[in-house]
């Protein structure tokens with residue numbers, strides 16, 4: 001056990017250093033404060049929404065309680081699935097892919113102790129966020145059912161047991177799988193499979209059109225269906241034991257929960273034991289196997305023609321490099337699938353919009369939605385730019401020396417990155433806007449306005465992402481895509497949201513003037529014309545500023561931040 | 001060919017390089033030695049344009065690195081101590097990437113790249129992803145790429161780390177041949193035997209300051225040691 005404590009000590013030291021380091025303490029505290037505040041706001045929002053929804057369900061006579069329990073069971077199944085999915089990915093990284101494993105495995109420590117230290121880290125890393133953000137639901141249940149302290153105490157225990165069970169199952173699966181398939185491939189495979197399942201479920205759920213629940217005609221039918229669906233979940237799934245325990249506790253019968261708590265506790269204990277025994281035989285074998293390089297899945301040599309007909313420039317160098325590394329990184333594929341699903345759902349939402357049922361005039365409604373759609377598409381753009389363009393500089397990782405020692409300036413380099421991401425994002429966003437406008441049957445004016453607005457907004461959002469990605473790079477990260485959740489990423493998201501809001505607010509007045517004048521066949525007055533020109537010019541200027549300022553800011557910060 | 005004037009780099013609490021003055025003429029192979037943390041890599045990074053100096057000037061082939069970094073870098077072949085590369089590219093694709101950065105035309109690239117990969121025994125690995133290369137292979141690929149545009153100056157940090165004996169001999173001979181053909185080479189190393197073998201002059205840096213410069217024989221005289229290897233000379237010099 002001495003080795004175990006020694007092995008987890010570096011992690012404790014690094015956490016302690018966060019609070020002890022004097023240099024840069026206040027900026028760090030400020031950054032942590034901002035991240036904490038945003039996280040807290042999100043948590044509070046979840047809590048308010050879930051409490052309101054549960055109170056609403058509770059107020060429905062006869063069916064309310066049934067619905068609450070059904071939902072509770074579904075939340076627990078989802079939570080448990082998320083814990084398993086998260087644990088598999090974390091266990092793969094912690095047990096087989098982390099860079100420090102080479103050093104750790106060279107130490108005179110039995111492999112089961114090494115496994116145990118890593119597994120505990122993996123359990124905590126994979127579970128804390130899932131649990132923190134599931135608490136708003138569980139606390140809301142406690143409030144709605146007027147539960148006592150025993151419910152919350154049991155809840156903490158149950159969430160702990162579920163995390164250990166999920167992590168235990170995941171570690172067993174990973175240890176067995178690594179013997180058959182290389183660790184790198186498994187990670188890509190699980191991410192891909194997990195996302196496919198998620199996308200299929202999400203698409204299926206969306207196609208069911210849950211918005212019909214607010215339609216009184218359909219609502220009764222849906223509730224009747226829920227009532228008919230009283231079949232219990234499988235008694236072999238740990239989330240069922242957790243449900244039974246918490247249900248007993250919610251009903252004011254904490255003693256009745258003990259048997260289910262016992263089941264969770266013993267199964268968690270059994271899994272810890274099973275993992276330790278398995279690790280003794282399999283962990284080192286799997287780790288050793290994961291050291292060998294993966295053979296390439298596909299070998300294409302299709303860039304020869306392109307190279308022959310384009311001239312040799314730094315732009316071509318980076319365009320080819322970005323495209324090739326992107327295609328060959330299998331973790332990126334899953335993101336593409338996700339974006340594909342997002343776009344399908346986005347367009348589908350507009351297809352099924354009951355515009356004709358709106359009490360407001362159809363033509364007015366269609367064009368109002370089209371205007372708001374510009375903002376929505378820009379938010380989708382922000383999310384995609386945040387995932388792909390923001391980490392573009394950090395993606396260079398420690399190979400950034402190549403850029404710095406090459407005969408190109410940082411400004412050229414950043415603009416090349418800008419062009420690489422601007423082009424596909426412009427095409428994508430314009431497709432979204434034009435397709436949804438066609439579905440909405442908007443006026444030619446609205447079509448032109450939204451296409452032009454997006455044309456200027458896309459470079460602004462992309463420049464924000466590249467500029468701030470350069471200002472706050474992380475060349476040491478094993479997964480630069482996660483940098484969006486860092487301080488710089490949050491600054492980017494906030495500024496981008498501010499930009500979109502500012503442009504929409506500036507355009508709202510003029511758009512209303514022009515649209516109403518068109519409907520009423522009136523000519524615009526002099527003051528209105530001046531207002532329109534002023535607003536559109538200001539919106540244009542804001543976009544231009546958002547292109548130039550972040551790029552300059554990023555360039556300056558990047559010049560001094562390397563090497564970090 | 002390489003001129004450093006009062007080159008200084010200060011970090012928050014330390015002075016990594018202080019008032020470094022150095023002129024290395026065309027065709028000279030200059031060795032730069034010193035204990036860990038002496039300022040070798042910082043000097044090399046400033047010369048390669050990876051770090052901006054706090055003070056002083058750097059001129060490569062008569063071009064000022066601070067005023068005209070792009071033009072100056074065009075003359076340099078830079079080889080770092082740690083071979084971090086784009087792991088998802090193949091060796092040949094990395095060569096193409098480098099050729100594009102230096103604007104080498106397609107026909108010249110093919111010829112140069114094939115010759116470079118062959119010289120460093122990487123021809124068979126040209127179409128494999130760099131992530132499958134060993135440390136030494138990555139180091140050899142960086143060298144092949146650095147020579148692709150026929151640089152007039154080579155700046156190299158610890159060239160022998162990770163190389164097998166055959167590759168070490170290859171690199172030693174190559175550097176001597178390039179220097180004889182007029183290329184200026186600035187090489188930082190801990191392998192003192194290599195420095196003694198191939199360098200025309202050697203500079204010793206300690207605590208950010210150059211404490212001695214000269215041919216191996218001149219350094220022995222400065223250290224007041226006869227009939228000793230460079231290791232003894234080095235230890236004596238940094239003791240002083």
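Laboratory data are not the source of any read-out in this text; all were calculated from the coordinates shown. Just so it is clear, the model here is predicted, and its values are computed rather than measured. For neighbour counting, all protein chains shown are included, and Cβ atoms are generated from backbone atoms with ideal geometry for every residue, glycine included.
Sorting A:140, A:450 by the number of Cβ atoms found within 10 Å of their own Cβ, with the fewest placed first, yields A:140, A:450. Model label points for residue A:517 and residue A:6, set 7 angstrom from Cα along the Cα-to-Cβ axis, are 8.1 nm apart. DSSP finds beta bridges in the protein assembly as shown, and of those with both partners inside it, around 55 percent are antiparallel. Other protein chain C-beta atoms within 10 Å of residue C-beta, averaged over A:406-412: 5.
Residue exposure proxy: B:224, B:75, ordered by other Cβ atoms within 10 angstrom of their Cβ from fewest to most, comes out as B:224, B:75.
Look at the alpha carbon pairs under 8 Å that are at least 6 residues apart: their mean separation over the length of chain B gives a relative contact order of 27 percent.
Anisotropy class assigned to the range A:440-499 is prolate, per the alpha carbon gyration tensor with a/c at or over the 1.5 cut-off and a/b larger than b/c.
Arranged by the count of other C-beta atoms within 10 angstrom, fewest first, what order do A:364, A:346, A:390 take?
By the 10 Å Cβ count, ascending, the order reads A:364, A:346, A:390.
Quick check on packing: order A:455-463, A:422-430 by the mean number of other C-beta atoms within 10 Å, highest mean leading. Don't jump to the answer; show the numbers that get you there.
Details: A:455-463: 23.7, A:422-430: 16.7.
Averaged packing, sorted descending, gives the order A:455-463, A:422-430.
Fully extending the segment from residue A:313 to residue A:379, taken as 0.36 nm per residue of separation minus the present Cα-Cα distance, adds 20.4 nm. As I understand it, the value is the acute angle between the Cα axis of helix B:135-146 and the longest principal axis of the Cα atoms of chain B; what does it come to in degrees, rounded to 10? Tilt of helix B:135-146: around 90 degrees. Distance between the modelled labels on residue B:207 and residue A:431, one decimal in nanometres: 6.4 nm (7 Å Cα→Cβ projection).
As a calculated quantity, the FRET efficiency between residue A:477 and residue B:11 at R0 = 22 Å, using C-beta atoms, amounts to about 0.45. Averaged over the residues of B:89-96, the number of partner chain Cβ atoms lying within 10 Å of the residue Cβ comes to 3. Computed on the range B:87-150, with alpha-carbon pairs under 8 angstrom and 6+ residues apart, the relative contact order is 52 percent. If the segment from residue A:197 to residue A:56 were pulled out straight at 0.36 nm per residue, it would be longer than the present Cα-Cα gap by 47.7 nm.
When peptides A:167-175, A:466-474, A:498-506 are ranked by their average number of other Cβ atoms within 10 Å per residue, the highest-first order is A:466-474, A:167-175, A:498-506.
Here the gap between residue A:157 and residue A:270, fully extended at 0.36 nm per residue and compared with their Cα-Cα distance, gives a gain of 39.0 nm.
Between residue A:288 and residue A:49, the FRET efficiency from the beta-carbon distance, with R0 = 51 Å, is close to 0.55. Per residue, the average separation of C-alpha pairs within less than 8 Å and at least 6 apart gives the range A:40-127 a relative contact order of 27 percent.
What fraction of the Cα pairs in the range B:170-228, stated in percent, has a spacing above 14 angstrom? Looking at the range B:170-228, the distances longer than 14 Å represent 61 percent of pairs. Using only the alpha carbon atoms of the range A:435-564, find the Kirkwood hydrodynamic radius as the inverse mean reciprocal pair distance, in angstroms to one decimal. Evaluated on the range A:435-564, it is 16.9 Å. Across peptide A:317-326, the mean count of Cβ atoms from other chains lying within 10 Å of each residue's own Cβ comes to 4.
When you work out D = kT/(6 pi eta Rh) for chain B at 4 °C and 1.567 mPa s, using the Kirkwood radius from C-alpha pairs as Rh and the Stokes-Einstein form, the result is 70 µm²/s. Let a ≥ b ≥ c be the square roots of the eigenvalues of the Cα gyration tensor of the protein assembly as shown; is it rounded (a/c under 1.5), or, if not, prolate (a/b larger than b/c) or oblate? Verdict is oblate for the protein assembly as shown.
Centroid-to-centroid, using Cα positions, the range B:1-17 and the range B:167-186 are 27 Å apart.
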